[in-house]
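Below is one structure, written out as structure tokens; comments come after it.
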Amino acid sequence: MTSFRRTIALMLVALVLLTTFAPGLSLRAQDSNTVTADGSALVAKVIEAAKTAYLVTAPEAKIEIAVSGTEGGFEKFCEGSLDLALAYGAISDQAAAACAAKNVQFTELLLGYDAAVVAVNSTSPARCLSLDQFNILLSPSASGVNQWASVDSTLGEGAISTVLAPPEDAQTRFLFDRLIAGEGLRADLTVVATPAEMISQISADIAAVGLMTLADFNANTDGKTTRALQVRSGTACIDANALNIDEARYPAVESLYVYVNLASLDRQPVVDFLNFVLGAEGKKQVTSSGYSVAGSLLYDRGREYVSAKRAGRTFSRIQRLNISADQTGSITVGGSSTVHALLSKVNGAFTPRFSGIAINLTTYDSANALADLCAGIADVVGVSRKATDAELSICQSADIAPIQLTLGSEALVLAVNSTNTFAQCLTLDEVNKVFNAKTAPKKWSEVKDGFPETDLMPVLPSVGAMENDLLLVRVAKDQIAPIMREDGVKNDDALFRSAGVQNVEGGITFLKYSDFKKSSSKVNVVKIDGGNGCVEPTEATISDGTYAFSYPNYLLVNPKSFVRPEMRAYTWFLLSDDTLTLLNSSGLTGTDTVGITGLRDGVLDLFEKAETPAATATPSAETPVPTAETPAETPAPTVETPAPTAETPAPSATPGN
């Protein structure tokens, strides 16, 4: 017993000496040039690789990296003894509370993802499984499950010949163990040495199943003989791809985080290393470590957080948006006819993901749309102009501070035959005279003195086309319901109209700028004098509104509606990369991509406030909600509500995770 006590005493002395003389392992290094990091072994692998690459360009840098596991790293970090905590998964509420108790504020940075895929032969009957069905297939009790019907009764009697897995010490095993309930995985797994060998076996065996990371799958599949199963979230089947992971739709994933002591961002060595990690060279180390990188915009945001010393959860808050695809409810969307077609496209992309959410889309003018928004009747409105101060004051009196998205501008282009050298510029009155049913000139000479007697041949969209309304509403200001002339050639194909004008000497038409850019017809573009001289349609003149036939598109969202989960889901979709892709493919000019993505953090703040209304008053005129033109920089609370990861169980107690 005496010997045992002596051993314990010696160990305690050694621990004290280690703490005293090796502060880099547990306390922040006394040298302010040293960057200290501790935490997950899986994340440390990336940081070690980044350190090696960084020292090539900054050999004087001092970076000390230890591995105590995610929880162990947070224990030291929340004591204030580290610059960086390395975490496999988001910070827990307990760790955040511990940091808050010690007045340690943090910035959360995203390194990349460890995404799980179940790979099958391209001819396999299985295509989409829920995480519950993954459990049926892979849990410790699943040994002997060798028919797809046992996993999903709709799949028939297709066989499962073998479930392939990497060696037991591979990070892939650890990832799947976090996703699957119980301790470990099914005991009858067939171990395969390399991802390439696994893909080869699945390609040759229609009934084989393989457990892989998305990074390994993408690096080894040919995309023809194998595929990754989709993962069902509610009623939607989600592909394992970068976009779905970035927007937290794909649930079989764990994120790699670095938490930075906010006080450490006062030291340039820490800032320089983090900017390297979040740059192009740092992303290479994520890939070389066997993980999947995030989208470039997310790394840009990370560098902005470092620069701005942004406090609190940032990226992990998106996990709170795991709104079930089975969510029900209704959303009232209205607005002007110019935005209607665009909203229809957005809604068409949103509805397959949330089929239980009904979107009631109504068309009316911008003034009435704004009135409904400020009265709390509409959740979202699309308008073709900015709200006036008077309209905004009505919103403010109702404690509504609309969030504005600049979607971009559409424009109409007037085109004439290439031999037409006289109609180089037309006033709005002259355009009205050409196309209005009240005037309907037959000769160009009737449009303006000095024009020739050439026959005027209009080539027009059919009656009721949106382009007609856009043009006439802008030029026929003295008429309540102006009517487009009914003679001439009618065709809704803009490229046909452009080609028709090319072949008719006195021809004239109008078409959307986005369609005009696709046209190969040899026609002359007419400049428009809207009162300040002749202006040619270009991206610049359309975006700034100096071209008279430009039509801006804005969306305004009522943040009071965020108390309803269906509105949080819809608003987040409006801010998503999917919607930005749709806008960019719609031919709009001047879409404020940076502004829209910049709104995300502020909107996440508002989502959290909406879910805990007692904690924060509704935004008022004195605390305006930022628009895309003035992005939010609202500091996140130090202690926050849970940010669940993708339906994963609590982190393993394994020290090196």
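General remarks:
- Single condition Thr172 does not satisfy, out of (1) farther than 30 Å from Ala49 by Cβ; (2) in contact with a Ser or Thr (Cβ under 9 Å, 6 or more places away or on another chain): (1)
- Failed item in (1) within 21 Å of the chain's Cα centre (by Cα); (2) farther than 30 Å from Ala149 by Cα; (3) hydrophobic (A, V, I, L, M, F, W, C), with Ile238 passing the rest: (2)
- Scan of the stretch 214-223 for residues that are under 26 Å from Asn146 (Cβ atoms) and either out of contact with any strand residue (DSSP E or B) (no Cβ under 6 Å at 6 or more places or on another chain) or not assigned by TED's automatic domain parsing to the domain that holds Gln171 (or both), ordered by number: Asp216, Asn220, Thr221
- For the stretch 106-124, the condition of being within 26 Å of Asn244 (Cβ to Cβ) and among the charged types (D, E, K, R) holds for at least one residue.
- Residue check: Tyr299 meets all listed conditions (1) in contact with a strand residue (DSSP E or B) (Cβ under 6 Å, 6 or more places away or on another chain); (2) modelled with pLDDT of 90 or more; (3) aromatic (Phe, Trp, Tyr) but one, namely (1).
- Leading residue by the ranking (farthest from Ala50 (Cα to Cα)) among those in the stretch 77-88 that are crowded, with 24+ Cβ neighbours inside 10 Å and not aromatic (Phe, Trp, Tyr): Cys78
- Selection within the stretch 148-162 - out of contact with any Leu (no Cβ under 8 Å at 6 or more places or on another chain), surrounded by 14 or more Cβ atoms within 10 Å (Cβ to Cβ) and without any contact (Cβ under 8 Å) to a residue 40 or more places away in the chain: Ser150, Leu155
- Considering the conditions (1) modelled with pLDDT of 95 or more; (2) surrounded by fewer than 19 Cβ atoms within 10 Å (Cβ to Cβ), Val526 is excluded by exactly one of them, (2).
- Per the listing Glu391, Glu446, Glu410, the residue uniquely at pLDDT 95 or above, among the acidic types (Asp, Glu) and touching a helix residue (DSSP H, G or I) at 6+ places or on another chain (Cβ under 9 Å) is Glu446.
- Of the helices (runs of 4 or more DSSP H) lying entirely inside the stretch 1-73, those containing at least 1 residues that are surrounded by 11 or more Cβ atoms within 10 Å (Cβ to Cβ), modelled with pLDDT of 95 or more and of a type outside the set (D, E, K, R) span 41-57.
- Condition check for Lys309: touching a Leu at 6+ places or on another chain (Cβ under 7 Å), touching a residue at least 40 places away in the same chain (Cβ under 8 Å) and in the same structural domain as Ala96 (by TED's automatic domain parsing): yes
- All conditions in (1) exposed (fewer than 15 other Cβ atoms within 10 Å of the Cβ); (2) at pLDDT 90 or above hold for Asp478, with the sole exception of (2).
Quick grid of which residues meet (1) acidic (Asp, Glu); (2) out of contact with any Asp or Glu (no Cβ under 8 Å at 6 or more places or on another chain); (3) under 19 Å from Asp592 (Cβ atoms):
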site: Asp326; (1), (2), (3): yes, yes, no
site: Thr338; (1), (2), (3): no, no, yes
site: Gly376; (1), (2), (3): no, yes, no
site: Asp379; (1), (2), (3): yes, yes, no
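- A single member of Leu580, Leu606, Leu555, Leu599 is within 16 Å of the chain's Cα centre (by Cα) and buried (at least 20 other Cβ atoms within 10 Å of the Cβ), and it is Leu599.
- Any chance Ile180 is modelled with pLDDT under 95, more than 30 Å from Lys62 (Cα to Cα) and buried (at least 19 other Cβ atoms within 10 Å of the Cβ): yes
- Phe496 meets the conditions (1) out of contact with any Ser or Thr (no Cβ under 8 Å at 6 or more places or on another chain); (2) surrounded by fewer than 23 Cβ atoms within 10 Å (Cβ to Cβ); (3) of a type in the set (Phe, Trp, Tyr); (4) assigned by TED's automatic domain parsing to the domain that holds Val346 in every case but one. The failed one is (4).
- Qualifying residue in the stretch 280-290 (condition: in contact with a strand residue (DSSP E or B) (Cβ under 9 Å, 6 or more places away or on another chain), in contact (Cβ under 8 Å) with a residue 24 or more places away in the chain, part of a helix (DSSP H, G or I) and more than 17 Å from Thr52 (Cα to Cα)): no
- Members of the stretch 324-350 found to be of a type in the set (A, V, I, L, M) and either without any contact (Cβ under 8 Å) to a residue 24 or more places away in the chain or surrounded by 19 or more Cβ atoms within 10 Å (Cβ to Cβ) (or both), listed by number: Ala325, Ile331, Val333, Val339, Leu342, Leu343, Val346
- Test: residue in the stretch 482-489 that is among the aliphatic types (A, V, I, L, M) and modelled with pLDDT under 90: yes
- Taking helices (runs of 4 or more DSSP H) as the structural unit, those lying wholly within the stretch 87-191 and holding at least 1 residues that are in the same structural domain as Ala308 (by TED's automatic domain parsing), within 31 Å of the chain's Cα centre (by Cα) and over 26 Å from Asn218 (Cβ atoms) correspond to 93-101.
- Qualifying positions in the stretch 356-414 - among the acidic types (Asp, Glu), part of a helix (DSSP H, G or I) and out of contact with any strand residue (DSSP E or B) (no Cβ under 9 Å at 6 or more places or on another chain): Asp389, Glu391
The values are calculated or read from the model by the stated rules, or taken from the named source; none is laboratory data. Nothing here was measured: the structure is a model prediction, and the numbers come from that model. All Cβ positions, glycine included, derive from the backbone under ideal geometry; neighbour counts span all protein chains shown.
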